[in-house]
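Report on one structure; see the data block that follows.
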Amino acid sequence: MQPYELSLAAAAAQIRTGQLSPVELLDSVLRRIEQVEPRLNAYVEVATTQARQAAREAEHEAAQGRYRGPLHGVPAALKDLIDVSGSPTTASSRVRAGHRAAADSTVAARLRAAGAILLGKTHTHEFAYGLTTPQTNNAWDHGKVAGGSSGGSAVAVAAGTATFALGTDTGGSIRVPAALNGVVGLKPTYGLVPRHGVTSLSWSLDHVGPITRTVEDAALVLTVLAGHDARDPASSTDPPPGTVDYRPDADSDLTGVRVGVPRDYYVDHVDPQVATAVRRAIGQLEELGARPVAVGIPMSRYFQATLWALVAPEAAAYHEHTLRTVPELYQADVRVLLEAGTLMGAGDYLRAQRARTLIRGSGPA
């Protein structure tokens, strides 16, 4: 197995025991990028020089027995909505040509503090406004879409051109490309991961989360990302549930844990192979002691209408100035969606927020 094929947990463990150096891991990932990136186009920019310098520093620290955190020396890719100091944040749009971030976003700063090597920025559907990533090819079948809008991040992880990545999710933008490329995508609880320094699609629905090769890896990244940040008004002040005491080597005893299994909506139109895989997973959880509990999803027929009634006006408000001054710089599909958002009245938006409150309050049945 080549170093670029390692999971985050395995790579971090080998770095900590001296079996693998951060420079060796980064070199393996960079060679993989040279090999496959021309046909995948997952990256907007690969910051090779900065990444090599960071890897050398991480290697020096490891040689002295100093480790910054659980991600020490591991290369990460960030969706190109997430600010990294000195790097472009283009949102895969001509509107942002020439932009450079003045400072790290909260999540980028937390990754650095935990020892991660910030390798580069990955493609997104323009300003995350879509469920594809047109620039990027699926990691496994170039005739199929990568999914979106975090398609570049998912493809990079699946193809071994990043050990893990960050994406954003407003209405499926982490989960869709993760599913289509066979990796793990986690949309955390709203407010758990701060969004300061992250380009917004819809402020009341946006999330930042990890894309990884294993569930264990996703848990490791979430422990680093989660926690309050006063610069994000929606940031939760509650202690991050299930992350503070996470231990990768903990026993897999789930006795007493209840696992909700939806009986509608999410399973109404599922592919038979997916249904089989889910049932198998539920069986494995039962073997570990968990108790599956069937739950209904109330008011599901209102989900899509409520989503769009929130996203459309919030996105239009964010882009108000550039939509008026340089509309020709947007791709046609995104421009039309933004223009449609300007036609929605305040009453419609407020009714959508009320509907959201009712849906959240209804809870699973």
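Since every read-out is calculated from the coordinates, none of them should be taken as a lab result. Keep in mind the model is a prediction, meaning the values are calculated, not measured. Note that we place each Cβ from the backbone using ideal geometry, even for glycine, and neighbour counts take in every protein chain shown.
Three principal axis extents describe the C-alpha atoms of region 300-362; from largest down they are 43, 19, 14 Å. Annotation: the residues 215, 95, 145, sorted from fewest to most other C-beta atoms within 10 Å of their own C-beta, follow the order 215, 145, 95.
Put simply, the amide H of residue 45, placed in the peptide plane, has neighbours under 5 Å in 121, leaving out anything fewer than 5 places away on its chain. A cut-off under 12 angstrom between Cβ atoms defines the neighbours of residue 319, and their net charge, with Lys, Arg +1 and Asp, Glu -1, is -1. The orientation-averaged projection of the convex hull spanning the C-alpha atoms of region 206-365 amounts to 13.2 square nanometres. Along region 206-217 the Karplus relation, 6.51 cos²θ - 1.76 cosθ + 1.60 evaluated at θ = phi - 60°, assigns HN-Hα couplings of 5, 9, 10, x, x, 10, 9, 8, 9, 5, 4, 4 Hz to successive residues, with x for each Gly and Pro.
Under 14 Å from a point placed 7 Å out from the Cα of residue 353 along the Cα-to-Cβ direction: which residues of region 175-205 have their backbone N that close? Residues passing the 14 Å test: 203-205.
Proximity of backbone amide H atoms, modeled 1.01 Å from N, is registered between residue 295 and 261, 263 at under 5 Å, excluding neighbours fewer than 5 places apart on the same chain. Annotation for residue 293 and residue 259: the two label points, set 7 Å from Cα along the Cα-Cβ direction, are 1.5 nm apart. The ranking of 318, 190, 4 from fewest to most other beta carbons within 10 Å of each one's beta carbon is 190, 318, 4. Computed over the Cα atoms of region 3-225, pair by distinct pair, the Kirkwood hydrodynamic radius stands at 16.6 angstrom.
Per DSSP H run of n ≥ 4, the term is -39500 (n - 2.57); total these for the chain, divide by its residue number, and report the mean residue ellipticity at 222 nm rounded to 500 deg cm²/dmol. Before the final figure, lay out each step's value.
Values: 12 runs with 145 residues, N = 365.
Calculated at 222 nm, the ellipticity per residue is -12500 deg cm²/dmol.
Exposure proxy for 301, 66, 213: other Cβ atoms within 10 Å of each Cβ, ordered fewest to most, give 301, 66, 213. How many angstrom lie between the C-alpha centres of region 318-365 and region 156-187? Centre-to-centre distance over Cα atoms comes out at 24 Å. Under a 5 Å amide H cut-off, with hydrogens placed 1.01 Å from N, residue 117 pairs with 73, 74, 76 among residues at least 5 apart or on other chains.
Quick one: net charge of residue 228's neighbours, Cβ under 14 Å, K/R +1, D/E -1? Combined, the nearby Lys, Arg, Asp and Glu give 0.
Karplus-derived 3J(HN,Hα) values for region 62-71, using 6.51 cos²θ - 1.76 cosθ + 1.60 with θ = phi - 60°, are 5, 5, 8, x, 9, 10, 5, x, x, 10 Hz; glycine and proline are entered as x. With 0.36 nm allotted per residue and the present C-alpha distance subtracted, the residue 332-residue 49 stretch has 98.4 nm of extension available.
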